[in-house]
Amino acid sequence: MPAVEKEAHKKGDHFVDYEEKVFEDVKADPGERALITFHTVAFEGSIGFVNLLQATRLLRKGFETSVLLYGPGVTLGIQRGFPKIGDEAFPGHQNMNNQLVKFMEEGGKVYACRFALQALYGHGEPSLIPGIRPIAPTDVLDLILLHRKDAFMIHTWTV
């Protein structure tokens, strides 16, 4: 059996060159927009949280950024907590809520489909994180169409 002759990794070591930036740091031109859509269930993998981080990054790069929660995506915008709303039941439990709040505090807009909220998931508008704007189901497509010609878009889906 071969002997392992390398020193064990220690806290503070790194495995990759995390400081090298290969591409230029792109910034938005004045008036450029971005739309991130979410048709994904909260806590079903990491994609919802990762693209909330992307939305915040786009905002910080100067894009007028909006988030659309529709279908199961409205579950990202629901107030949660245990034992009380706002309490973190376990580390990371409020990651998505906290990221949405941070995004809105920095100027991002968040929209949630009223149809999905009520008909699919049994919630009312008071269940949403404060600051999220409920919209009619017919506004979902129109919001996407309003961004189709002049905005960068990321569509978040899980199957």
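Per-structure values
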read-out	value
Residues located in segment 135-159, provided they are in contact with a His (Cβ under 9 Å, 6 or more places away or on another chain) and hydroxyl-bearing (S, T, Y)	T156, T158
Residues of segment 112-148 satisfying the condition of being among the basic types (K, R) and touching a strand residue (DSSP E or B) at 6+ places or on another chain (Cβ under 7 Å)	R114, R133
Selected residue (only one of A89, A28 is under 25 Å from L146 (Cα atoms), in a loop (DSSP other than H, G, I, E, B) and small (G, A, S))	A28
Qualifying positions in segment 106-126 - over 18 Å from the mean Cα position of the chain (by Cα) and in a helix (DSSP H, G or I)	R114, F115, Q118, A119, L120, E125, P126
Residue match in segment 42-64 (condition: part of a strand (DSSP E or B) and open to solvent by less than 50 Å² (accessible area, probe 1.4 Å))	no
Filter result (among the polar types (S, T, N, Q) and either within 21 Å of L58 (Cα to Cα) or open to solvent by 30 Å² or more (accessible area, probe 1.4 Å) (or both)) within segment 83-126	N95, N97, N98, Q99, Q118
Residue within segment 144-155 that is open to solvent by less than 90 Å² (accessible area, probe 1.4 Å) and over 24 Å from D29 (Cα atoms) present	no
Near pairs, Cβ below 8 angstrom, 6+ apart or cross-chain, from segment 95-110 (on the phi > 0 side of the Ramachandran plot and modelled with pLDDT of 95 or more) to any residue that is of a type outside the set (D, E) and part of a helix (DSSP H, G or I)	G107/L59
Cβ-Cβ under 7 Å pairs, at least 6 apart or on other chains, segment 12-25 side at negative phi, far side open to solvent by 100 Å² or more (accessible area, probe 1.4 Å)	none
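The values are calculated or read from the model by the stated rules, or taken from the named source; none is laboratory data. Being a predicted model, the structure only gives us computed values, none of them experimental. Quick reminder, even Gly has a Cβ in these numbers, built from the backbone with ideal geometry, and neighbours come from all protein chains shown. Note: accessible area is taken over every heavy atom of the protein model, side chains too, but ligands, DNA and RNA are not part of it. Shrake-Rupley method; radii C 1.70, N 1.55, O 1.52, S 1.80 Å.
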